[in-house]
Structure formats: structure tokens, C-alpha cells
Amino acid sequence: METVKINDITPGDLPWKLRYDASRCTLCGSCVAACSFRAIEAKVERRRMIFSEGDLPDPRARFSAVPVIKQVNSLKNYCRGCGICEKVCPNDAISPVRNPDTRHPIVTRCAGGDSIKRGGRKNITGSPRTLDQLRVGRISQMTDPSLDAQRHTFDMLAPFGRTLPAEELPLKLGSDGTLISSGQTPPVSWIYPVIIGDMSIGALSWRMWEGVAMAVAYLNEECGLPVRMCSGEGGVPSRLLKSRYMKYMILQVASGHFGWNRILKAMPDMVEDPAGVLIKIGQGAKPGDGGLLQAQKVAEHIMAIRGVPKTDLLSPPNHQGLYSIEESVQKMFLSFNAAFKFRVPVSIKVAASSTSVSVFNNLVRDPYNIVGGFFLDGIDGGTAAAHEVSLDHTGHPIVSKLRDCYLAAVSQGRQGQIPLWAAGGLGKTGDLAADAFKMMCLGANGVFTGKLILQMAGCIGNDQGRCNACNTGLCPAGITSQIPALAYRLDPERVAENIVNYFLAMDQELKKLMAPIGNSSLPIGRSDALVAMDKAVADRLQVQYVC
Amino acid sequence: MCRIGAIKSKNYTHPSKALLLMQSQQKGHDNSGFAMVMQDLGGIFEGYKHLPTLSMACTDEGLNLAENILHEAGFRRVLQWVPETFPSDELDIIAMPNYVFQTFSYPKSCKNASQEEKEELLLDMRLKMRAVLEPEDQGYVYSFWPDVVTLKEIGDPRDIGTFFNLWEPNKNFTAKVITAQCRQNTNYDIVRYAAHPFFLQGYTGLANGENTFYQKNKEMQSNLHRGYIGFESDSQCFLYSLHYVHRQLKWPLKYFKHVITPLPFTELNNRDDAEQLMVIRQSLANLEINGPNTIIGVLPDNTMFTCCDAKKLRPVVVGRTEDTVAIASEVCGINEILPDRDWATDIYPNEREVVVINEELEIARWKQ
Ligand code: SF4
Ligand code: SF4
């Protein structure tokens, strides 16, 4: 008899256990080959069988060695519940089962002495989502007819860039009684109100990134939807930098400045300006934390694009040398504005926080009018690698904070001067149109989304702890992996097709929401169109409470 | 539902015409009130065109308070007209004790004041009177402006006409420009201030419709000018935007249309003036309107215009004779007061035009 070793890791300690039916298994090996985490392996079990062959009972024992598939008892190669084994099994012999008794959060810390890291999404779900407590409750009938989503035209564009108050516009009256321009205004582009959020070409596999970029080009050129994509911090392939598709890209600069070398070098050869520059100060999924690309994901092409060796790539939590908001405005914004000769809107992304309104107020009052967008990122989103404790316990929900910023602008008569873009768990239920619409009613000019794009591509992760292994470089869907064998699981054309179709569906759904409230342009700030079924939510967001 | 109407004439016209214009459209409104603004006044006011006239409905105490405010500021009354009223239990009207139409001379301190300074003073005085009378419901100050009188009442328009004896034409109480509307704000609380036409510093606005961008407009306008107050009706927003674009920004009238119903981006980008229209649309996105609307407006120089929402969801028609132009929500109103006109020349404005009537009664149709 074996002694009990209480601290040995067994499947009971891990978040997922495998259901395996040896009687159905043909030992084809597909599951073992497909599991990118090496969480299962082929093993041989010793079996004892009692049998009797004669007319009278004559029990004998026979021992045999039987090949089976077994779960690996390891904190490194543990099962993520991704279900790829189940997908490839021809006989339904194996599938992961969630283990409610997991000791994983404890044993991992005890064994490693290091914080737990994982792919970014919050996995603690508490109260129901605020956005689900809101409905579009002001329906046009009788006096103001609703519109027809199919028949009427809708103007569904959102501003990206700094807007001046009317009295500061450089317009003067010409001799023929029309207004003529007498100076320059900050650049503003009107784009689709959903930006594909900033996911870098190191975080994503090159095939995934290519698929997204293809979708964006197709949406612009074939579907007439001016959707923009933000590069994330990590550079852009030179070929794209010098192509005409650059105009659909918002370039991101973050505290690591990864990839900017190459961007700066490509500038003389650029044939189109980028759609904008987004300076990332913080992100909602792990506020106060910098970027993290673990060495296992720093493949050769990533080293080239970013100009770095193979090592853990950390963007510091802060922009070095950034001392104050005023300074950030003057230094960073001026230099990036100047880099593209004031033709390209420069915007800022911060993590939603108790202090967001003061940051926003400072920017909205900046006398240089050079902050072209305030991207506010709340919890519940995120695709990047992060510490579990940050993902699960830091950050601020987006809904009330976005509303606070909008109302702060309203109280100063400055609404719309710095467009507000919101993100953080939007589209979590799969329905981005509804979430985006409600956020616009609360004051957002538009929204940005990342995680949902991965899900469109085929990510099987979820908010209940399934997969979330984006940081490992072993993405079973080939979305966040730089390993060719995994990346090739993903078909970029299929990714593009899925994204395009989702956007087309969402576009129709947005119209379906605009029509009943009788609006042909986006309902920015139309909180009167919303009702809340929760009193606290209603009071906090200043919308009508209904029951 | 609202119905709106307006008359602009070369001759001084009695308000009975406006009542007739509205009366025939009565199936479309709900007979809950009558309100009108008269500009370019004839009759007893004709000799006082350059001096401000106070139009107010109030209690005795309210009258005292208002007069004291004006006297303290140095205004002196030069003309007073108290309309003769004919109260009767049969009439559907919720009358106020006093209807005040008084013309004042400017304070001595204004002797060298510019036109602009006087205009600011008149607005300040009206806002002050309104603020003092409002808390205890002692009265409603509708306008305090040269060559303008305003009347607003709750009740059946026919009975209101009878009460003020407005059905009987006479030469004492006339104007060349009259805008009228026959409905209280029955969607919400009945407040006298909520009845259009609304008036601010020479600008008059009235509308038939529902402004579904009311909240956006209101949130924006509240910070734009001290005169943009009340917001008892979503239609006030049209007047404030008109005042802001034309008076504060000093942009020509056509830009009002570009502000409230901007061209779709696809059309806008193809125009020669795309650059200007784009920055206007960007900066004044919060003054855009949505929902079904027809607007009638009058500018300080008595130019009258009408325009519609971007989808033409509300009707309006303009008819004319040699000496009179009438605008109404329904053509039956115009048939009533201009029966002999050539109806073939009636104009049904489309969603992208502004119909403008100038002092010579020339009608221009501006394409946006
Ligand atoms: S569920 Fe995924 S991680 Fe778990 S064994 Fe199957 S393939 Fe491997
Ligand atoms: S992106 Fe890949 S690794 Fe990340 S959760 Fe989705 S499937 Fe798993």
C-alpha cells in the first residue's frame, strides 16, 4: 500500500478534470496531439482481470498492460478546459469537466512563490450586469413616429478628434454671405462607432492580426463601414505601414514604446496618414499595471517588429518621465501631433478609476485643444497577460464612470469637445449593438472592443475560467500564439469573414435600436431614451426608474 | 398635436385673422390654449416702435413687483394698454387677474448706450422680473422688447378670443407679423411659459412636432447663454438654437438649417463648402434636432421663415396674395384667410429647404 502524500498534485486539485471513457477510446491519439497545453498524455495502466474457464468455478487472475489517455498531474501543464480534445475525438471518449472543488489558486501560489498570471478577463462575476438592467424604454409612437430600420437612412458615425466650441471656430463671413475658413481646426475623422480595440501583434498571432486587418479593410472598402482598428502596443509590419491601408489603423504608443522605432523609420515612406494615434496610459483589465508579453510569445517576427531580444517584455506601469497631466498634454500630445503635422487625431486611453473625471476635466480644459479622444477602459474586458490578482480585484466598472465623465463635460458645456470612447466588458453577452447603444445614450461617442473580436475568431475562453491561457503562447485556437503549428489552426480569411459578418449584423441591430426612438443619427447623451429596472442604477446614472 | 400658423402682411392685420387661421385647423390641435406674438405693431403701439413693450399676465402683487423692478432700473411708462375683457362662466379659459401691455422709455443712463447694450439690458430686465414673479406664481413675463406684444392663455382658443374680444377686428391692436399656436403643452404639465411662440431678443420661434434631441439640446443650451432658460417645452430649443446661430455666432440664417438638420456625411463631403459644414456639424452636434418637426421663425428684422426636420415628418404650407403671406400646418387654415389666392403657387417645403419671406414679401426657397 502506498503512503498518502497529501501535497501531491492530483486532478482533484486542478480547475478541470477529464472525463475519459476507455471503452469508447480507440487510442487514435488525436486528443494528445491536439492539446496545446500537454495536459493529457498516453499512459499504460496495469489491469488485473479475474476469469474462470472450466465447467466449475476456477477463478484465476490475469494481468495486462492497457494503453489509456490520462490527465497530467501538473501545475504547469494543467487542463484549461478548452475542449479541443473533445472537439477532435471521433468517439466522444474525452471531455473536460469543471472541478468545483479546485485548490488551484492555493496550490499554485504555494508551489511557485510567484503571482498567478493568465490571459486577461475577469473571472469573478458578482451582481448582474448594469447594462442588462437598462432598456431602451422611450419608444416613439403617435407624436414622433419611429423610423423604419430598413427604409430610412441613418447617419451612424462618431467623431474621433478634438472639436472646438462653435465660437472658437475659425470661420468668417465672406462677401457672398457664406462662411469661409480663416484658420486651421484640429483634425477630426468621423468613423464607425465601434473601434476594434488595441491588441498587439505580439499578443495576437500574426494570422489573427492579419485576419482582423483584412476584416477592417473589407468593412471599409466593400461594406462602406469606416471601422478603425487600433494596433496595440507592439508595432505594425512595415508592409502595412507603407500601404494605403494605413488609413484604417490607429497607432498605439504605450509606456514600452515597442515598435515605434520601426514606425518612425517608415514615416517617410508612408503613403497614407494613420487614422490616429492612441497614447495608452492604462488599461481597464489591469489598471496600474503595465504590459506583459511573456518570453514564450516573443517569436522571431515579434523580435523584428519590436526590435527586442527574446525575453519577457514589460511595459512599465507609467510613462517614464511623465510627471503630470499638464505635462503629458504638452509633451506627448504635442510631439505626436507634430509628428504627423497636426493632420492626425491624437487620443489617450486610461483605465477607468475613481479619479477618471479629474483626469478628463484636466484634458477637456487644456488650452491647446490637442487631445482628440478620451478612451476610458473599464473592468471585464482585456485580452492580455496579467496577474490574476489584478484581473480579479482591481479596476473600475465602465458604465457609471463613462456617465460621470459625460456629465462632467455637460456641466461645463463642453460635451463632445473631447469624444468619449468606452470599453470594458461590452458585448460580454454576445450582443455588442445593445451595449454600444446604451453606452452612447449615457454619453459615449463610441465604444471599442477587443475580447469579443477574439471570440468572433473562435476563442473558446470565457469568464468562468475556461481557457484564459492567452499569456502562455499555447492558445489552442491559434489566436494568441506565435507557435506556427498552433497559429495555422486559425484561418485568417475565416476570421475576417466572421468579423465582417458580425459587424454587418451589429450595424443592422444598431439601426433596429435607433429606429424605435425615432433617431437617424447616433443617440449620444440621450439618457432619456433609457429606463432602468434597478433603482440604484437609475439614481446613479440619472435615468428613469421603472418597474 | 400642435398646429402652428403665421401671417406676414404689408398691412397692419388684426389678430382675428390669426384666430381664423388656427380655428380651421382645430381638429388637429386640442383647443387647450392660444398664444401669439405680434411684431411690427400698428394701432396704438405704432408710434412707439423704438421703445420696449412689456407683455405680462399677472396678479396684482405681480404687477407691483414688476413695475418696481422697471422703475428702479429707470424705465418710465409712456403707454399702457389694458385689453377690455369679457369674462363669463360659459367660457373655457383660465384667466389671470391682469394682462399688462405697457411701453416704457429707456432709463436716462441708456442715453449713449449702443443698440447691443440696450438689448442686453432688456433681456436682463425680463429675466429679473421672471425670476421674482416665478416662485409664488405671481405672473408670467412673456416679452419686453420694442415693437412686440405677446399673449398666451390657457383654454379654448374660441373662448379666449371672446374673452379678449379678439374676434372683432379693430384698428387699435394690429401688427404686420403675427405668429400663433393653439395648444398648451398637454404632454406635460400645463405651464403658461410652455406655449409657443417663444420670444427672445427679437427672435420668435414656434414649432409643430416633437424634438427627440430635447435633452441633448437642453443640456448644451443651458450653458450657452443666460437667456436660455425654462425649457418648459422641447420646442424652446429651436428658438435658442436660432438665437445662438444667428445672433450670438452672427452666422447667416442658412446655417441654422445646417446646424439643426445637418446634411448626411455622404452628401456633405461632396460639397464645395464641406470644410465649413463639417466643422459646424462637429461643433454643434448637440444642437442637432431629431424627430418630426416643422419650425416657423421670425428674425429681429421681421424676416419670416419656415423649415422642417430632416425626414419631413411634419407638414407645412405657405400661401400668398399680393399683400399677405400665410404659413400654416394645414392648408385649410390658409384657405380660410386667403380664399382668393392662387393656390397653385402654394409652397410645400421639402426637408432640405428653408422658405424665407422678406420685408417686401418676396418668398425665397433656399436649398440647404
Ligand atoms: S480540454 Fe484542452 S487543455 Fe484540457 S485536455 Fe482537452 S485539449 Fe487539453
Ligand atoms: S485566445 Fe486562445 S488562449 Fe486565450 S482564451 Fe481564447 S482560446 Fe484560450
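The values are calculated or read from the model by the stated rules, or taken from the named source; none is laboratory data. Note that the structure is a prediction, hence the values are computed from the model and not measured. Methodologically, a virtual Cβ is constructed for each residue, glycine included, from the backbone with ideal geometry; neighbour enumeration extends over all protein chains shown. Side chains are part of the model used for accessible areas, which takes the heavy atoms of the whole protein and leaves out ligands, DNA and RNA. Shrake-Rupley method; radii C 1.70, N 1.55, O 1.52, S 1.80 Å.
Quick notes on this structure:
- Enclosing the Cα atoms of segment A:12-91 in their convex hull gives a volume equal to 112 cubic angstrom per residue.
- The longest part of chain A holding none of the exposed loop GluC sites (Glu not before Pro), meaning those outside H, G, I, E and B in DSSP with at most 14 other Cβ atoms within 10 Å, is A:273-547.
- Alpha carbon centroid spacing (whole Å) that separates segment B:3-65 from segment A:508-527: 38
- Chains B and A together bury roughly 3200 Å² of accessible surface, counting both sides and using a 1.4 Å probe on protein heavy atoms.
- Amide hydrogen neighbours beyond the local backbone of residue B:314, cut-off 5 Å, H modeled: B:293, B:309
- Using the Cα coordinates of segment A:1-134, the gyration tensor eigenvalues translate into equivalent-ellipsoid semi-axes of 38, 20, 15 Å, sorted from longest to shortest.
- Three semi-axes of the equivalent ellipsoid, segment A:167-261, Cα gyration tensor, whole Å, largest first: 35, 17, 11
- Overall Cα dimensions of segment B:229-368, principal axis frame, Å, largest first: 46, 38, 28
- Entry note, chain B: relative contact order of 23 percent, from Cα contacts under 8 Å with a spacing of 6+ residues.
- Between the helical axis of A:206-221 and the longest alpha-carbon principal axis of chain A there is an angle of about 40 degrees.
- Considering only beta bridges that DSSP places wholly inside the protein assembly as shown, some 80 percent are antiparallel.
- Candidates per trypsin sites (Lys or Arg not before Pro) in segment A:42-105, loop by DSSP, up to 16 other Cβ within 10 Å: A:76, A:103
- Once the GluC sites (Glu not before Pro) in DSSP loops with at most 11 neighbouring Cβ atoms within 10 Å are cut out of chain B, the longest remaining piece is B:137-321.
- Solvent exposure of segment B:4-367 as accessible area per residue, Å², 1.4 Å probe: 37
- Apportionment of accessible area to carbon and sulfur, segment A:11-114, percent (1.4 Å): 52
- Scaled radius of gyration (Cα, divided by 2.2 N^0.38 Å) that segment B:129-281 gives: 1.22
- Percent RCO, i.e. relative contact order, over chain A, from Cα pairs under 8 Å lying at least 6 residues apart: 19
- Of B:17/B:312; A:76/A:401; A:87/A:349; B:17/B:49; B:10/B:257, those spanning more than 29 Å from alpha-carbon to alpha-carbon: A:76/A:401; A:87/A:349
- Under 5 Å from the amide H of residue B:77 lie the amide H atoms of B:105, each residue being 5 or more positions distant or on a separate chain, with H modelled from the backbone and absent for Pro and chain starts.
- Residues of segment B:298-326 buried by at least 10 Å² on assembly (accessible area, 1.4 Å probe, chain alone as reference): B:311, B:313, B:314
- The calculated pair-distance distribution of segment B:256-304 uses every alpha carbon pair, bins of 5 angstrom beginning at 0, and gives 5, 18, 26, 18, 16, 14, 3, 0 percent.
- Partner aspartates and glutamates whose Cα lies under 17 Å from the Cα of residue A:331, excluding those fewer than 8 positions away in the same chain, are identified as A:366.
- Segment A:409-414 - phi-based ³J(HN,Hα) in whole Hz, Karplus 6.51/-1.76/1.60, Gly and Pro as x: 5, 4, 5, 9, x, 10
- Based on the Stokes-Einstein relation at 25 °C and a viscosity of 0.890 mPa s, and on the Kirkwood radius from alpha carbon pairs, segment B:45-101 is assigned a translational diffusion coefficient of 187 µm²/s.
- Kirkwood estimate for segment B:1-128, i.e. one over the average of 1/r between Cα atoms, Å: 17.2
- Nearest 10 degrees, 0 to 90: helix A:432-441 Cα axis against chain A principal axis: 30
- Under Stokes-Einstein, with the Kirkwood radius over Cα pairs as Rh, the value for chain B at 37 °C and 0.692 mPa s is 158 µm²/s.
- Rolling a 1.4 angstrom probe over the protein heavy atoms with all chains in place gives segment A:11-114 an accessible area of 62 Å² per residue.
- The Cα atoms of chain A define a convex hull whose projected area, averaged across directions, is 34.0 nm².
- Segment A:11-114, relative contact order [Cα under 8 Å, separation at least 6], %: 42
- Here, P(r) means the percent of Cα pairs in each 20 Å bin from 0 to the largest distance; for the protein assembly as shown it is 13, 37, 27, 15, 6, 2, 0.
- Each residue was assigned an accessible area with a 1.4 Å probe, and for residue A:545 the value is about 90 Å².
- Centre separation in Å (Cα based) which lies between segment A:366-397 and segment A:135-211: 22
- Estimated [θ] at 222 nm from DSSP helical runs (n ≥ 4, -39500 (n - 2.57)) normalised by residues in the protein assembly as shown, nearest 500: -7000 deg cm²/dmol
- The lysines whose alpha-carbon is closer than 16 Å to the alpha-carbon of residue A:242, local same-chain residues fewer than 8 away aside, are A:265.
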